[in-house]
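Below is one structure; the comments refer to it alone.
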Amino acid sequence: MSHSPKAAISSLESHFKVLSKVEFRGETSLTVGADEIVQICLFCRDQLGFDYLVDLSGVDQFGEEPRYEVVYELYGMAKGEWLRLKVKVSEDSLEIPTVSTVWATADWHEREAFDMYGIRFKGHPNLVRILMWEGYPFHPLRKDFPLGGKPSEMPDVAFSEAAPLEGGPFVTVGTTATTKDREPRARG
């Protein structure tokens, strides 16, 4: 069950500059400035009771400027309330402060956003790739990254050719059969 944090949102708006507030399907997203994100997260944790960083993720808004967003999903366990914060990140700078000093769990989330989108988190204790290998020159979740991948010059580390998109052991085949019979394990 989702609980609306109206009092928390009101408190945030009276203490910090909120750039935009969007209501959608009973959920509120607040866009705030990168320069205040650490103070806002500390305030949310210490004053408003949002003691759990559920997720931190990057978003590529290809074609818009600022192109990227970092989305923070917060949860207050005592009140059962959710809060979503967003920070816009310009393609020119691609850097915002780390919140790993507020929530230790932000460490790996920020590393993933760095790895997949190229967003850097200033002050992060160990901002290295978490999924791709060090030295990989691309960021695979950017919308301009080709679906078929890019060739690699490191055949001992990864495939040297782009992988085909069709087929694979977990892809069902088009048929009129039931779901049970379409299941890939049923074909073997």
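Derivation of every value follows stated rules applied to the coordinates shown; laboratory data play no part. Because the structure is a prediction, the values reported are computed rather than measured. Here the Cβ is made from the backbone with ideal geometry for all residues, glycine too, and neighbour counts use every protein chain on show.
For the range 1-115, the mean projected area of the C-alpha convex hull, equal to one quarter of the hull surface, is 7.1 nm².
Tell me the net charge near Leu127. Cut-off is 14 Å between Cβ atoms, Leu127 excluded, with +1 for each Lys or Arg and -1 for each Asp or Glu. Residues near Leu127 contribute -2 overall. Other residues within the sphere of radius under 12 Å centred on the Cβ of Lys79, judged by their own Cβ, net out at -1 (K and R +1, D and E -1).
Between Ile130 and Glu36, what length comes free when the chain is fully extended (0.36 nm per residue of separation minus the Cα-Cα distance, one decimal in nm)?
Numbers: separation 94, 0.36 × 94 = 33.84 nm, distance 2.63 nm.
Gain in length upon complete extension: 31.2 nm.
Answer rounded, prolate or oblate for the range 1-61, using the Cα gyration tensor with square roots of eigenvalues a ≥ b ≥ c: rounded when a/c is under 1.5, else prolate when a/b is larger than b/c, else oblate. Rounded shape, in that the Cα axes give a/c under 1.5.
Using the basic label-point model (7 angstrom from Cα toward the beta carbon), what is the Lys6 to Val22 distance in nanometres? Here the answer is 2.3 nm between the modelled labels. When the pairs Lys17/Lys88; Lys21/Lys88; Lys21/Lys86; Lys21/Lys143; Lys6/Lys122; Lys86/Lys122 are compared against a 19 Å limit on Cα-Cα distance, Lys21/Lys143; Lys6/Lys122 fall above it.
So what's the net charge close to Glu110: Lys and Arg +1, Asp and Glu -1, counting the other residues with Cβ under 11 Å from its Cβ? If you can, show how the numbers build up before the last one.
Values: positive: Arg111, Arg120, Lys122; negative: Asp107, Glu112, Asp115.
Around Glu110, the surrounding residues sum to 0.
In this structure the amide hydrogen of Tyr52, modeled in the peptide plane, comes within under 5 Å of the amide hydrogens of Tyr75, Met77, none closer than 5 places in sequence on its chain.
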